[in-house]
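The block underneath contains the structure these notes are about, expressed in C-alpha cells.
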Amino acid sequence: MNKTQLVDGVAKQTNLTKTNVEEILNTTIELIKKSVKKGDDVTLVGFGTFTKSKRKARTGRNPQTGKEIKIPAMTVPRFRPGKEFKDSVR
C-alpha cells in the first residue's frame, strides 16, 4: 500500500475528503519527524514507537572492489512495533 492508497482508504472509512485526509496525514508525519529529530520518542499505543538511535562508526567493504571503507557514525530513525501490531501480523 502506498500513500495514495492509504489516503483513499481513510477517506472512504471516515467520509472525509481526500484533501483533508492527505493534509492530516502529512501533518502527522511531519510532527513525528520533528519530535524524533529533537530526541523525543513518539509512541502510538497498540501500533509502535518511533525513536532516534545512534550507530557507531564501522568498517565495511565496497562490493565491487572488495576494498575496505570507513562508514561514519550517524543518527538514524528506528521503529519498534507494539505488541498489538505484532500480534495482528502473525
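Read the figures in this text as sums done on the coordinates, not as results from a lab. These numbers were taken from a predicted model, which means no experiment stands behind them. Reconstructed Cβ throughout: ideal geometry from the backbone, glycine too, with neighbour counts over all protein chains shown.
Summary of computed values
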quantity	calculated
Correct option for Cα extents along the principal axes in Å [calculated from the coordinates] among (1) 60, 29, 15; (2) 31, 29, 20; (3) 56, 32, 28	(3)
Residues K67 and L44, FRET efficiency given R0 of 41 Å [Cβ-Cβ distance, rounded to 0.05]	0.45
Relative contact order for the range 41-90, counting Cα pairs under 8 Å that sit 6 or more residues apart, in percent	42 percent
Candidate aspartates and glutamates for bridging to K38, where Cα separation is under 14 Å - those fewer than 8 sequence places away on the same chain excluded	E30
Whichever aspartates and glutamates have a C-alpha closer than 16 Å to that of K12, once near sequence neighbours (fewer than 8 apart) are set aside	E22, E23
The chain: angle of helix 3-14 to the longest principal axis, Cα-based, in degrees nearest 10	30 degrees
Principal-axis tilt of helix 18-38 within the chain, Cα atoms, nearest 10 degrees	40 degrees
Computed over the chain: relative contact order in percent, which uses C-alpha pairs under 8 Å that are six or more apart	21 percent
Table column - 3J(HN,Hα) (Hz), the range 47-52, Karplus curve with 6.51, -1.76, 1.60, x for Gly and Pro	10, x, 10, 9, 9, 10
For S35, net neighbour charge (Lys/Arg +1, Asp/Glu -1) across residues whose Cβ lies under 12 Å away	+2
Residue-wise HN-Hα coupling along the range 66-72, computed from phi with Karplus coefficients 6.51, -1.76, 1.60 (Hz; x: Gly, Pro)	x, 6, 6, 10, 8, 9, x
Euclidean distance between Cα centres, the range 73-87 to the range 38-62, Å	7 Å
Relative contact order of the range 17-58, pairs being alpha-carbon contacts under 8 Å that are 6 or more residues apart, as %	25 percent
Nitroxide proxy distance, nm - points 7 Å out along Cα→Cβ at K37 and D8	3.1 nm
Most positive-pole-ward Cα, M74, Q64, G46, against dipole of the range 41-90 from beta carbon charges	Q64
Under 15 Å from K33, Cα to Cα: aspartates and glutamates that are on another chain or at least 8 residues apart	D41
Residue-span extension gain [E23 to R55] - 0.36 nm each, minus C-alpha spacing	8.2 nm
